[in-house]
Amino acid sequence: MPGKARRGAGTILTTVCAPYGKSISVAELAQRISNPRSLEQYDACVFAFFSEVSERLQREFIEEMGVDPEAAANVAAGFAKLAGFDLPLATPLPEMPHSPKDEADV
């Protein structure tokens with residue numbers, strides 16, 4: 001359904017950009033949703049994509065834009081962990097053993 005994601009791109013961009021006063025292209029959003037640096041930068045547009053856009057539109061956008069679904073799921077999982085709640089496309093991250101340093105940092 002290539003046309004649907006393209007038609008929904010304007011809605012997606014408005015949803016993920018307008019609240020933050022940002023302006024990015026569809027191609028830039030596609031790159032960001034699969035890039036782990038988005039987590040490091042706490043990219044609000046990417047978080048909004050995973051939390052505010054319907055799961056159906058997320059999946060259509062990922063397919064239409066040729067985004068690696070596994071990479072996007074990993075980024076979604078990172079944002080889910082940061083936010084403390086589930087996101088539809090998030091793949092559960094494996095539990096990491098805590099080192100003594102981690103415990104001291106808490």
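What follows is calculated from the coordinates using simple rules that are stated; it is not laboratory data. Note that the structure is predicted; figures quoted are calculated from it, not measured. Cβ: placed from backbone, ideal geometry, glycine included. Neighbour counts: every protein chain shown.
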Legend entry - In sequence order, calculated HN-Hα J values of the stretch 66-77 (Karplus, 6.51, -1.76, 1.60; Hz; x Gly/Pro): x, 6, 5, x, 5, 5, 5, 4, 5, 5, 4, 5
Legend entry - q = 0.11, 0.22, 0.23, 0.24 Å⁻¹: log10 I(q)/I(0) that the Debye formula gives for the stretch 2-92, counting C-alpha atoms only: -0.24, -1.06, -1.17, -1.29
Legend entry - Residues with amide H under 5 Å from that of residue 67, placed H, sequence gap 5 or more: none
Legend entry - Computed label-point distance, nm, for sites residue 11 and residue 44 using a 7 Å Cα→Cβ extension: 2.4
Inset, instruction - Please give the contour-minus-distance gain from residue 20 to residue 52: 0.36 nm per residue of separation, less the Cα-Cα distance, rounded to one decimal in nm. - result: 10.2 nm
Inset, instruction - In whole Hz, with x marking every Gly and Pro, tabulate ³J(HN,Hα) for the stretch 28-45 from phi via Karplus 6.51 cos²θ - 1.76 cosθ + 1.60, θ = phi - 60°. - result: 5, 4, 4, 5, 5, 6, 10, 9, x, 4, 4, 5, 4, 8, 6, 5, 4, 5
